[in-house]
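Trainee: Got a structure for you, questions after.
The values are calculated or read from the model by the stated rules, or taken from the named source; none is laboratory data. A quick note: this is a predicted structure, and the numbers were derived from the prediction, not measured. Using ideal geometry, Cβ is built from the backbone for each residue, glycine included, and neighbour counts are taken over all protein chains shown.
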Amino acid sequence: METNTKNMFETMANMQKQAVENLTNATEQMQKNLFTPNMVDSDIFKKWYDSQMSFFNQNKSDNKNTANPMEFFNTWMNNQMETAKTWFSNNNNPFINNMNMNDDMKKNYDNMMSMFSNWSGTMNNTYSEMLKNFNAGSGKDAFSGLFNNAEMYMKSFEFWMPMFKSIQDKSFTPETFKQLFNAPLFKDMMDKMFNLQPDFMKNMNEEAKANMFKMMDSNKGMFDNMKNMMTSNMPNGNEMFTQIFDNYNKVYNSMNSGAAPLMKLMPQGEAKQNIESMNELVNEFNVFNMKNNQMQYMMYATGLKAIEQVADSISAKVRNGEEVNNFMSIYSEWLAINDKNFVTLFETDEYSKMQADLSSFGMKLKRNINLKMEKAMENLPLINRTEMDELYKTVYELRKRINVLEKQIDTDSTETVVKAKPVAKKATKNS
Amino acid sequence: MNAAGIMEEMTKTIEKLVKGYEILQKIEDVEVATTPKKLVWQSDLVKLYHYKRETPATCKIPVLVSFAIMNRQDVLDLQPDRSLMKKFLDLGLDVYLMDWGYPQKQHRYLTMEDYILGFMNDAVDFVRKSTGNDKIHKMGICQGGTFSAIYASIFPEKLKTLTTYVAPYDFSGNANMLYKWTKDIDIDAMVDTMGNIPAKMIDSGFGMLKPSAEVSKFLGLPEMMGDEAKLTNFLRMEKWKNDCPDLAGEMFRKYIKDLWRDNKLIKGEFELGNHKVNFKNITMPFLNIYATEDNIIPNSSTTAIDKVIGSKDKSEHAFHGGHIGVFVGSKSQKELAPMVVKWVKDRS
C-alpha cells in the first residue's frame, strides 16, 4: 500500500503540474487571440497549483493522512471541484461572458473546447494511472468499466457542451447543432462505441479514418455536405465504395499487365514465386482495407444519424418549452437512440453481408500472412503453427483411441465396481 | 441548465469515479461457485462435480446439469442467496454438474460428437453407475439444453426426464440477428484460420444485440457504492461475464453450420456420428422453460421443439424475466426452482 500511495501522490502531482501548464498555455493563447490583454488573470492557475502542491507536500509528510490516501484524495478532489466550479461560475470570467454572447459562440468554440479537453484529458490520464494501482481482480475490472463509462460520458459532455447555452435559453435548433457539430469529437465518441465491437472492427485502418475526419473537420460548415454524402450514398448500394473498388481493380490489373512481360523474363523459381505471392498478399491487404473502410463508413453514418435524432429531440423539447435540466438525460437518450439505430443496422442484409465479407477477407489475409511467416522462417529451428496443428491432431486421435480402448476394458471386465479415471475412483470410495 | 450547474454535474461524475476507486480498491477478488462440491470424474478438459449434501436427498434419482459451453457454469452458483444449485440441494435433489473446461490450442479438433456422444454420455454413465440408477434426470441450460436434447434423442433409455432452460432449437428467421449473420459468414474460413474461436469474438457478437450495454450498465454502479451487498453482487456477475472460454474449432464449425446456419436440428436432418437426430425419439417426460423477456434466444426458437418432440408427458413454462434471470434472478429461486423440483420429483 505504501508503494501504491507513493505512486499515486507522484502521479497526481505530475498530472496537476501538467494540467496547470496546459490550462495556463490555453488561457494565454485565448487572451492573445480573442480577448483584451490581462482580462484573464493567469496567476489564478499558478495560485491554484501552489495551493494544490502545498496540500500534497503537507500530506506527504503527514503519516496520519497518508495512511488513508483515499480520504486525502477525496479532500483534494472536493477542493478541485470547488475550484473548477468557481472558475466556470465567475462572472468576470470571459469564458462565461462569451458563452452568453450567442452571436460569438463559434468564435469562442475552439478555445473553450481546448480548455475543457485539457482539463478532462488530465483527469482521464490521472485515472488511467490510478488503474495501475489496482491489483488484478474484480475491483480492477469494475473500476476499469466505471472509468470507461465516465470517459464516454465526458466525451459526450464535451460534444454537447457548446450547445448547452442555447438549450438553456431555449434557442437550440437543428441549425445550432450543425453549426457546433464537432467532427473529431463525434469520431471519438463513435470510436469508444466501436471498442465494443469484434476485433476485426477494432482493427480499423487508422489512416483512412483520419482522412475521412480530416475532411469532416476541415470546415464545420461541411456538416451538411458530409451528412448528405454519407446518408445518400449508403442506401444507394454503396456507390462510392463500389467505384473505389472498381478503380482499385483497374489499377491493380493494369499494374499486373504492365509487369507481365517482365515476369515472363524471370526464370521459374523461388524468387519469382516470392514476388507473385507478395503481390497477391498486398492485393489482399488492400482489398481488406477497402472493405474495412466501407464498414467504418456504415458505422459512422449510422452514428451520425443517431446523434442528429438526439438533436432533433432536444430541439423539439426546447420548442415545446420543456426544461432540459441535466446532461445525464441527454446522455441516456443518446445511448438509447444509438442502440436503436445500430441494432436496426445490424439486422439489415447489407450489414450482415458486409460483415461476412470483411470477416472472410480478414481470415484469408491472416491465413496467408501466417503461411508466409512460416515460409520465411522455415530454415530456423522452430516448430511452426502448421506442424503444431498436425501434432495436436495426432494427440487428439490418440486420445480418442485410448478412450475407446478404456471402454472396451470396462465392458470386458467382470468387475461390478465402477471403472472410471483415477479421480473418479478415489472420489467414489470417499463418497 | 447553467454553466456552473453543468460543470458541477460533470465534476460529480469525477467524484463518483473517486468514490469507486476508494471502495473498489478495498475489495478483494469476489468469489463465485462456493457451494461445496466434489470432483468425481474427469476426462481431458471436462470435469464432473457432485454437490455435497448435509442430509440425504429426498429424490433418489440424481440430476445431471449441463450449462452452455460458451459460458461458465459458475453462474448457476453465483452466490449463496442466488444459487440454483444450492436451491436444488435445499429442495432435496442429488445434483451433479458438468464443467466443460477451457479449450486450449490442442483442443481445436474436439467435435460435437466428442462433446455429446463422448463427454456427456460418459458423464451420464458415470452418474448412472455410481448411483446405481439405470435412468437419471437430465437438465440443460441454453446451449447445454440443446446438447441435452440431442443426447436425449440418441440415448432415451438412459434418462428419466429432460428439463431444458432457454435452449435454442429452431434457428430460422430473423428474430435473433445472430442467426441471420451465420447465414452469410464463412465459418470454415474462421475455423481453418483461427483453430479455436476466441471467446471475445463470441462475446462481442452477443454484445451487439445491445451495443451500449457495456457502457450503460456502469451508469448505476456509482449508486451501488454505498451498498456492499449490491456492489459485490454486481462484481460477481461481472466476474462471471468476463470469464468466457474459447470454443473448440471443430465443435463450433458443426454447431454453427448445421444448427445455426442450416437449421437441421428442428427439421430432423441433423446427424451426429452415426446417429440421425430425431426429436421424436425423446420419449421421457419433458419440461421446456423459456423466458418471456429473453433478448438472446427468441421464445419461438425455444418453444419450437414442442411440435416435434416424441414425449407424451411434456410441459412448457413461461418464466417472466430475461435469459440470465431465469437461473440467477430472485424470482427464479423463489418460484421457478421449486416448480421444477416438484415436476422432477413427481416423475421420480
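Trainee: So for region B:298-309 (the condition being among the polar types (S, T, N, Q), farther than 21 Å from B:PHE171 by Cα, in contact (Cβ under 8 Å) with a residue 40 or more places away in the chain and assigned to a helix (DSSP H, G or I)), does at least one residue qualify?
Mentor: no
Trainee: Which condition number does B:THR55 fail, the rest of (1) part of a loop (DSSP other than H, G, I, E, B); (2) modelled with pLDDT under 90; (3) more than 7 Å from every other protein chain (Cβ to nearest Cβ) being met?
Mentor: (2)
Trainee: Scan region A:339-361 residue by residue and report those that are within 7 Å of chain B (Cβ to nearest Cβ) and in contact with a helix residue (DSSP H, G or I) (Cβ under 7 Å, 6 or more places away or on another chain).
Mentor: A:PHE342, A:PHE346, A:GLU347, A:SER352, A:LYS353, A:GLN355, A:ALA356, A:SER359, A:SER360
Trainee: Hey, another quick one. Filtering region B:193-209 down to residues that are part of a helix (DSSP H, G or I) and more than 7 Å from chain A (Cβ to nearest Cβ), which residue is nearest to A:ILE337 (Cα to Cα)?
Mentor: Ranking the qualifying residues of region B:193-209, first place goes to B:PHE206.
Trainee: In region A:362-392, which residue that is surrounded by 15 or more Cβ atoms within 10 Å (Cβ to Cβ) and more than 10 Å from chain B (Cβ to nearest Cβ) is nearest to A:GLU280 (Cα to Cα)?
Mentor: A:LYS372
Trainee: Only one residue in A:GLU270, A:GLU323, A:GLU276 is modelled with pLDDT under 85, out of contact with any His (no Cβ under 6 Å at 6 or more places or on another chain) and within 11 Å of chain B (Cβ to nearest Cβ). Which one?
Mentor: Criteria check complete, one pass: A:GLU323.
Trainee: Any residue in region B:200-210 that is within 20 Å of B:ASP99 (Cα to Cα) and of a type in the set (Gly, Ala, Ser)?
Mentor: No, the conditions are met nowhere in region B:200-210.
Trainee: Quick check on my filter: what residues within region B:31-45 are within 8 Å of another protein chain (Cβ to nearest Cβ), outside any loop (DSSP other than H, G, I, E, B) and in contact (Cβ under 8 Å) with a residue 40 or more places away in the chain?
Mentor: B:VAL40, B:TRP41, B:SER43 - these are the residues of region B:31-45 that are within 8 Å of another protein chain (Cβ to nearest Cβ), outside any loop (DSSP other than H, G, I, E, B) and in contact (Cβ under 8 Å) with a residue 40 or more places away in the chain.
Trainee: Inside region B:210-230, can you point out the residues that are under 24 Å from the mean Cα position of the chain (by Cα) and more than 7 Å from chain A (Cβ to nearest Cβ)?
Mentor: B:ALA213, B:LYS217, B:LYS230
Here's the yes/no breakdown for (1) assigned to a loop (DSSP other than H, G, I, E, B); (2) more than 7 Å from chain A (Cβ to nearest Cβ); (3) closer than 30 Å to A:ASN326 by Cα; (4) modelled with pLDDT under 95:
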{"residue": "B:GLY5", "(1), (2), (3), (4)": "no, yes, yes, yes"}
{"residue": "B:ASP29", "(1), (2), (3), (4)": "yes, no, no, yes"}
{"residue": "B:LYS47", "(1), (2), (3), (4)": "no, yes, no, no"}
{"residue": "B:VAL65", "(1), (2), (3), (4)": "no, yes, no, no"}
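Trainee: Now for a separate question. On the basis of being touching a Pro at 6+ places or on another chain (Cβ under 8 Å) and either within 23 Å of B:PHE206 (Cβ to Cβ) or within 8 Å of chain B (Cβ to nearest Cβ) (or both), does A:VAL395 make the cut?
Mentor: No, not satisfied.
Trainee: Among the residues of region A:312-367 satisfying the criterion of being touching a residue at least 40 places away in the same chain (Cβ under 8 Å), part of a helix (DSSP H, G or I) and small (Gly, Ala, Ser), which is farthest from B:VAL215 (Cα to Cα)?
Mentor: My answer is A:GLY362.
Trainee: Something else about it: Suppose we filter region B:231-254 for residues that are within 25 Å of B:ILE187 (Cα to Cα), within 17 Å of the chain's Cα centre (by Cα) and in a helix (DSSP H, G or I); how many remain?
Mentor: 3
Trainee: Okay, next question. Go through region B:70-184 and tell me which strands (runs of 3 or more DSSP E), entirely inside it, have 1 or more residues that are among the charged types (D, E, K, R) and surrounded by fewer than 19 Cβ atoms within 10 Å (Cβ to Cβ).
Mentor: Qualifying strands (runs of 3 or more DSSP E): B:159-165.
Trainee: Filter region B:48-69 down to residues that are surrounded by fewer than 19 Cβ atoms within 10 Å (Cβ to Cβ), within 28 Å of B:ASN233 (Cβ to Cβ) and in contact (Cβ under 8 Å) with a residue 12 or more places away in the chain, then give me how many there are.
Mentor: 2
Trainee: Among (1) touching a residue at least 24 places away in the same chain (Cβ under 8 Å); (2) polar (S, T, N, Q); (3) within 13 Å of chain A (Cβ to nearest Cβ), which single condition is B:ASN263 missing?
Mentor: Going through the list (1) touching a residue at least 24 places away in the same chain (Cβ under 8 Å); (2) polar (S, T, N, Q); (3) within 13 Å of chain A (Cβ to nearest Cβ), B:ASN263 breaks only (3).
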